[in-house]
Every structure is written in structure tokens, then in C-alpha cells.
Amino acid sequence: MIGLIVVGELPYGPQSLADAITLGYTFIPTSDPKAAQGPVQIGRILMPAPPPSESARAFFAFHLKRHREGKGWSQPALGAKIHISGSMVSGIELCTRRPTSKISQKLDEVFGLDQFFEALYPRVIEETGLPAGFPEFTDAEADASMMRLYENFVITGLFQTEDYARAVLRAGQQPEKLERLVAARMERQEVLRRDEPIVITALLDASVLRRSFGGREVMRAQLEHLLALSELPCIHLHVVPEEAELCPEGSFTILCSPGEPDTVYAEMAGGRGRLIDDDGYVAELGILYELIRSKALNAEDSQAAIRKALEEL
């Protein structure tokens, strides 16, 4: 019998790969060929997808798998047809990844359906509880290859730990909705872990390093996480010092994709925002971004500023 080594804990423990599959788990083997050699299988086990009656997202996942298997396509094969990874297809089918509007449209095209997945997509978004304007931004974010952002109040969502995100989002939220919002924020961070991660140049106002959310230990873990992220080759993090004498009056993000005009997401009160493609406004914020960047610390000094904030906790 083939042995099984699993990365991560299970709520209950199948003793073999066959047991796991019988119980409805999905096994994803390691992509490292050296680790997969021999009689032991190394990889991850994912919980089975929820029943289609549970939610619009589960209904979407169920019918995606049904149509894919009806065509006799593997997850990587379907992914290649709609220009996403096989792991993204797997994640959507298991309800661990959220489909985008663009993916929904492409699924209808490849399966020859008349607005089936595209019509389901708004229902999937409604269940997340995300504020108006934000789902459009997360779709654009998922498709972007580069992002330039300025944040002046909190550490930006893509860099947040789960506990910090929960503390930031908690005010005025019912527990169930809060957890949906936290899950959606953690899901967005997949853009940092994909095969070709998004390249981010982030300008963070120095005040975000000292504005406490969740208490001392939550802030410590968050700042340590920020330092770790700053070492990644796809992330360029710069702290804007308090003496910079700038007042941009709001946070914003510029999204860039090859062959496409840049777009801007401008944040507003209450978690709302607008995705804007007006060329003049995008150019105006591009100039403002470069002005802020000219006042920011370099990468090494920014890391030193984060370490100092850690020491002062």
C-alpha cells in the first residue's frame, strides 16, 4: 500500500490515500519530483466540496465540475482553454477559490452555454458581503500583472495577516459576515502565491506601522509578516515617513496589465470604492504616486522602520 504524508492537519484522519478518496477528500500530489519518488506519496489533502444546495458558490462549483467531466477534460486541460492554472480550476471546484467575472464568461464560451456561469457570478459575489465596487476591483486585481498602491490608514489588504484583517474589519459586523469578509481578504492574497505572482510596489504611510489593531501580539505578528513579504522578489515595499509633508487625501491602487490601459481603484469611506479607467484621472494619480514615491524611504530604510516599530511595541 502506498503511504501518505500530508501537509496540514485534517479534521479527522484517513489512514491511506484510498481511505481519503473514499471519504470525499481530494489529494494533490507535490510538484517536486524528488519528493514524490518511492513508496510514499507526499502532497496535500483538501476537504470535499460542499453540496450544491449550500450556496451559489457551491452550485457554481458543482456545475463547473459536471460540465468539465462531461467533456472529459482534466482540470489543467480546462485551465489551458480559459488561460488559468489547473490549481485555480481545482480551487473553484472545491470552493476554496472564488471565480471572477472574466472566468465566468470564459466558462460559458468554452462549454457553449448561454450566460449560465456569468449569470451565477453576481449571486456568488452577493454571498461574500463585499462592499459595492470592491468585487470589480478584486477581479481586475486577479488579472493584473503589476500593482502600484498607496495606503495611508492601515496595512494594505494583500499584506494583512488573518488576525489583523479580522481586527480591521470587525467594527459593526455580525460574526458570520465578519468571517466571510476575512475569508475573502485572505483569498485575494492568492495573487502573491500563483506561478507568476503579481508585482507590487507598495507605499505605506509610516502611521500604519503604529496604528494598533487587535492588540500587541496581533501587531507583532503583522509587522513580522510585513518584513517577510518585503523580502519577496515580487514585492517592493517603501515606507513614507511622517515628515514627508504630503497629503494625498486617500488610498488608491493603480493596476497594470500587458496590452491593457491602466486602471485605478480609489477607496472611499465604508470600504467602498470605484474602479476608474478615465485616462486623465489615471494619469493624474500616476503623477501623484510618483510624487509620493519620491518622498518614500528606500527598501533597506523601510525595513529598518518596520523593525523599529516592532521594537517599540
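The values are calculated or read from the model by the stated rules, or taken from the named source; none is laboratory data. Note that this is a predicted model, so its numbers are computed, not measured. Ideal geometry is used to build each Cβ from the backbone, glycine not excepted, and the neighbour counts take in all protein chains shown. In case anyone asks, the SASA skips ligands and DNA or RNA and just uses the protein heavy atoms, side chains included. Shrake-Rupley method; radii C 1.70, N 1.55, O 1.52, S 1.80 Å.
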Criterion (open to solvent by 40 Å² or more (accessible area, probe 1.4 Å), of a type outside the set (Val, Ile, Thr), free of Cβ contacts under 8 Å to residues at least 60 places away in the same chain and over 30 Å from GLU290 (Cβ atoms)) met by exactly one of LYS102, LYS106 = LYS106
Looking at the stretch 227-263, which of its residues are within 21 Å of LEU275 (Cα to Cα) and either in contact (Cβ under 8 Å) with a residue 40 or more places away in the chain or open to solvent by less than 70 Å² (accessible area, probe 1.4 Å) (or both)?
-> PRO248, GLY250, SER251, PHE252, THR253, ILE254, LEU255, CYS256, SER257, PRO258, ASP262, THR263
Quick one: count up the residues across the stretch 51-94 that are in contact (Cβ under 8 Å) with a residue 12 or more places away in the chain, hydrophobic (A, V, I, L, M, F, W, C) and surrounded by fewer than 20 Cβ atoms within 10 Å (Cβ to Cβ).
-> 6
Somewhere in the stretch 62-83, is a residue modelled with pLDDT under 85 and among the hydroxyl-bearing types (Ser, Thr, Tyr)?
-> no
Scanning the stretch 81-103 residue by residue, those within 17 Å of ALA184 (Cβ to Cβ) and assigned to a helix (DSSP H, G or I) turn out to be MET88, GLY91, ILE92, SER101, ILE103
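Would you list the strands (runs of 3 or more DSSP E) that sit entirely within the stretch 248-309 and hold 3 or more residues that are within 17 Å of TYR150 (Cβ to Cβ) and of a type in the set (A, V, I, L, M, F, W, C)?
Strands (runs of 3 or more DSSP E) meeting the threshold: 252-257.
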